[in-house]
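Asks: Have a look at this one.
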Amino acid sequence: MDPIGGLVGWIAVYGAGGLFAVALAERFVPMVPSHALLLAVGVSVADDVRLLTSAVVATTFGSALGCMACFFAVRALGPARATRLLAGTGRIFGMSPDGMEHKLAALRRNRTALAFSAQLVPTARLLAPSLAGLIEGGSGQFLAASAAGIAIWNGLFIGLGYAASRATGEINATSLALGALGILLVAQGSLFFVIRRRRIRRSLAARLRETG
C-alpha cells in the first residue's frame, strides 16, 4: 500500500493553486507530515523540470502565509488568551508547559536565528510562529527569516522526491517518506548531540577559569 502516493494524483490535477492551498492548510491542520507531503509533490512534478520551480514557489508562499497568519493571530488574541491556547496546543504535540517556556525564552534571546532554524525542525516549525507572536517587537525580521527556512525545507524535500522519482521511475512515496524521516531524525539527533557536547565543554571550561 502507498497512501501518500495517492496524493500524487491529486497534486497533478489541482496544480500550483492546489499546492498553495495545501501548504497553507498544513499550517493549521497537519493531517500529513509536511516532509511526506513535499516528497509527494516532488514525485508528482518529476515528468517536467519546469514544474519543479513552480511547486517550490507555490508551497513556500502557502506555508509562509500560514506562518504569518499564526503569528498575527496570536498578536491579536493578546498574551493571556494566546498563552492558554498555546499550552493546549503544545500538549497535543507532546510538549510540556516547561518546554514551551524554554522555547519562548530561547526565541527572546535570539529571535531571528531561531526563526530560521525552527522551520527546519518538525513540530517546532508549526509552533514557532505562534510562540514568536507572544514576544514584543517588530515582525519583519522574524517573518523574513521564517520564510527563508520554509523555502529551504520545502525545496529540500520536493527536490528529494523529484530526484528519487527521476532516478528510480516507479517509486513508493510512503516508503520514501519513511526513509527520509529516518534520515532526518538521525541528522537532527546527531546535531543535538554535537551542540549539547559543545555546551557542556564550554560550561566546564568556564568553571575551570572561575576556580583557577
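The values are calculated or read from the model by the stated rules, or taken from the named source; none is laboratory data. None of the values given here were measured: they were computed from a predicted structure. With ideal geometry, Cβ positions are generated from the backbone for all residues, glycine too; neighbour counts draw on all protein chains shown.
Asks: Going by the structure shown, is A12 under 22 Å from A167 (Cβ atoms), modelled with pLDDT under 70 and among the hydrophobic types (A, V, I, L, M, F, W, C)?
Replies: yes
Asks: So, one more: Being polar (S, T, N, Q) and either in a loop (DSSP other than H, G, I, E, B) or modelled with pLDDT under 80 (or both): is that true of T112 here? Steps first, answer last, please.
Replies: Numbers: polar (S, T, N, Q): yes; either in a loop (DSSP other than H, G, I, E, B) or modelled with pLDDT under 80 (or both): no.
No; evaluated as a whole, the condition is false for this residue.
Residue by residue, here is whether (1) at pLDDT below 70; (2) part of a helix (DSSP H, G or I); (3) farther than 20 Å from L114 by Cα holds:
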site	(1), (2), (3)
A145	no, yes, no
I150	no, yes, no
A164	no, yes, yes
L176	yes, yes, yes
A180	yes, yes, yes
L204	no, yes, yes
